[in-house]
Amino acid sequence: MHKLPDLTYGYGDLEPYIDEKTMELHHSKHHKAYVDKLNAAIEKHPELEEKNLEELLLSLDSVPEDVRMTIRNNGGGHLNHSFFWTVMKKNGGSKPAGTLAEAINSSFGTFEAFKEKFSNEAAGFFGSGWIWLALDKEKKALITGTKDHVNPLVNGQTPILTLDVWEHAYYLKYQNRRPEYIDNWWNVVDWSAVQNYFDGAKMKI
Ligand SMILES: [Fe+2]
């Protein structure tokens with residue numbers, strides 16, 4: 001059975017940048033629904049219980065067709081949200097240091113240039129999806145966007161930071177002002193968590 005992970009901070013801890021009500025709904029309703037639907041799909045095919053979430057999403061072709069889209073969407077939703085919660089914290093923000101800063105500078109010139117490019121991608125992304133800072137096979141940092149709940153892992157990339165740009169992530173507080181949500185979100189990024197992912201840490205899920 002897949003489980004909704006606990007947050008390591010309170011729903012109100014990301015205020016005023018991400019409001020308490022949005023965090024509560026996002027985690028306890030939206031994310032939970034993905035977990036519940038994923039589990040319901042797996043119950044129909046108990047042999048799928050042997051695979052962890054990443055394995056399931058990386059081998060969708062071998063998942064029975066009647067639950068394939070359900071697992072793609074809800075498994076992806078579970079994986080991406082679980083990851084998203086871990087790259088934010090109370091009193092986050094500031095900027096990366098060390099090897100992560102070097103990788104960002106190497107790909108984008110400066111941290112400010114990276115932030116601007118990431119923010120522009122996030123603001124301009126059409127529809128529901130995610131914007132990622134990810135590493136390619138040579139460990140070069142890149143920015144990419146994925147539709148729905150696709151994770152860059154399926155494209156051979158390793159995610160180290162993400163931003164949820166589905167409307168449910170910001171609409172209560174920001175309505176249609178997605179760029180304002182993005183600008184404020186930088187204040188809650190946990191760069192030490194991003195550094196850990198850059199160093200090869202695996203998310204426990
Ligand atoms: Fe979301």
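The values are calculated or read from the model by the stated rules, or taken from the named source; none is laboratory data. Source: prediction; values computed, not measured. Cβ atoms come from the backbone with ideal geometry, glycine included; neighbour counts cover every protein chain shown.
Just a few scattered comments:
- Every residue from the stretch 32-71 that is of a type in the set (D, E, K, R), away from the ligand (no atom under 16 Å from the Cβ) and either assigned to a helix (DSSP H, G or I) or within 15 Å of the chain's Cα centre (by Cα) (or both): Glu43, Lys44, Glu47, Glu49, Glu50, Glu54, Glu55, Asp61, Glu65, Asp66, Arg68
- Flag: Phe84 matches the condition of being within 14 Å of the ligand (Cβ to nearest atom) and either within 21 Å of Asn155 (Cα to Cα) or in a helix (DSSP H, G or I) (or both).
- Those residues of the stretch 50-74 which are touching a residue at least 40 places away in the same chain (Cβ under 8 Å) and either within 23 Å of Ala201 (Cα to Cα) or assigned by TED's automatic domain parsing to the domain that holds Asn151 (or both), in sequence order: Asn52, Leu53, Glu54, Leu57, Leu58
- Among the residues listed as Ala123, Ala134, the single one being away from the ligand (no atom under 15 Å from the Cβ), among the hydrophobic types (A, V, I, L, M, F, W, C), under 18 Å from Phe83 (Cα atoms) and in contact with a Pro (Cβ under 9 Å, 6 or more places away or on another chain): Ala134
- Tally, over the stretch 153-192, of residues that are away from the ligand (no atom under 16 Å from the Cβ) and either without any contact (Cβ under 8 Å) to a residue 24 or more places away in the chain or not assigned by TED's automatic domain parsing to the domain that holds Ala123 (or both): 7
- Of Thr110, Thr99, all but one fail to be closer than 30 Å to Glu180 by Cα, of a type in the set (Val, Ile, Thr), away from the ligand (no atom under 16 Å from the Cβ) and in contact (Cβ under 8 Å) with a residue 40 or more places away in the chain; the exception is Thr99.
- The single condition among (1) buried (at least 18 other Cβ atoms within 10 Å of the Cβ); (2) within 21 Å of Pro152 (Cβ to Cβ) that Asn52 does not meet is (1).
- Filter result (among the aromatic types (Phe, Trp, Tyr) and within 17 Å of Lys32 (Cβ to Cβ)) within the stretch 4-21: Tyr11
- Failed item, numbered, when Lys29 is tested on (1) touching a residue at least 12 places away in the same chain (Cβ under 8 Å); (2) within 16 Å of the ligand (Cβ to nearest atom): (1)
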